[in-house]
Amino acid sequence: MAAQSLAASQAVNQLRKSDPDYQQAFGDSVRGGFAVRFGPLYNMLNLSAEQMARFEQRLTAGTHQQMDFFAATQAKGVSPTDPSLASFRAKEKADFESDLRAILGETGLHEYLRYERTYGARELINTLLGNLIYVETPMSAQQVNQLTQLLAENSPSYQKGGAMKSRAGDVSWEGVLAQAPQFLSPRQVEVLRL
């Protein structure tokens, strides 16, 4: 089974590298989610259309680089977290951040990094926003930002300098639910409890 999975993965990687139509479709699918995922960041940083396009191109290139890296480690039978690859990973990260700094500026880079660390909260809030539509109590952009910050403040991973767990999986809900009524309506808090 593992051999079949490896063979399938290698076939997809070969297709991705050699087929221009596949490359275009893959790039389009990756970029397609950027407006939703990063729309609030674009607004916060007041990015121009050209900056957004360059940012998305760099993120797409980074996705391709990550896939190449994982494919290479898989082909060599080496774990992507192998300590011997630490300097390579550090250089890739430094290059990525340097490129984003050139696009977003120093402040923009820091906002992007903070924004990415709170992605787990944003995943959860997107689900919550969908649920709030059904009870006719939408949240404002300000409430979304406040709730994101509150979730981050109650996430041990975030507080230690890391990224929040997917869908805010490490959040202390007792703290969130105690403070959320300061800026959410009672009905919104009720949906948050679900």
Over the Cα atoms of segment 78-127, compute the convex hull volume and normalise it per residue, giving Å³. 105 Å³
Pop a pseudo-label 7 angstrom from the Cα along the beta-carbon direction at both residue 35 and residue 179 and give the gap in nm to one decimal. 3.4 nm
Note to self: with every protein chain in place and a 1.4 Å probe, the chain gives an accessible area per residue in Å² of 59 Å²
Any chance you could run the full-extension gain for residue 72 through residue 91? It's 0.36 nm times the residue separation minus the Cα-Cα distance, nm to one decimal. 5.2 nm
Computed from these coordinates, which is Cα extents along the principal axes in Å: (i) 42, 38, 34; (ii) 54, 43, 33; (iii) 42, 40, 29? (ii)
Once you have the Cα-Cα distance between residue 113 and residue 101, take 0.36 nm times their residue separation minus that, and quote the gain in nm to one decimal. 3.2 nm
Dividing the helical contributions, -39500 (n - 2.57) per DSSP H run of n ≥ 4, by the residues of the chain yields a 222 nm value, nearest 500 deg cm²/dmol, of -25500 deg cm²/dmol
nm² value of the averaged projected area, convex hull over the Cα atoms of segment 81-194: 8.6 nm²
Carbon-plus-sulfur fraction of the accessible area of segment 120-194, 1.4 Å probe, in percent? 51 percent
Explain nothing, just the number: relative contact order of the chain, from Cα pairs under 8 Å at least 6 residues apart, as a whole percent. 17 percent
Kirkwood Rh (inverse of mean 1/r, distinct Cα pairs), segment 98-162, angstrom: 13.2 Å
Summed side-chain charge close to residue 178 - residues other than residue 178 whose Cβ falls under 13 Å, Lys, Arg +1, Asp, Glu -1: -1
Give the cross-link partners of residue 165 among the aspartates and glutamates, using a straight C-alpha distance below 12 Å as the criterion and excluding same-chain residues fewer than 8 apart. 116, 123
Calc'd 3J(HN,Hα), segment 80-92, phi into Karplus 6.51 cos²θ - 1.76 cosθ + 1.60 (θ = phi - 60°), Hz, glycine/Pro = x, comes to x, 9, 4, x, 5, 9, 4, 5, 5, 4, 5, 5, 4
Part-to-part distance (alpha-carbon centres) for segment 40-78 and segment 143-169, which is given in Å: 23 Å
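The values are calculated or read from the model by the stated rules, or taken from the named source; none is laboratory data. Quick caveat: nothing in here was measured; it's all calculated off a predicted structure. Glycine gets a Cβ as well: all are built from the backbone with ideal geometry, and neighbour counts include every protein chain shown. When the accessible area is computed, the model is the full protein with side chains, heavy atoms only, and any ligands, DNA or RNA have been set aside. Shrake-Rupley method; radii C 1.70, N 1.55, O 1.52, S 1.80 Å.
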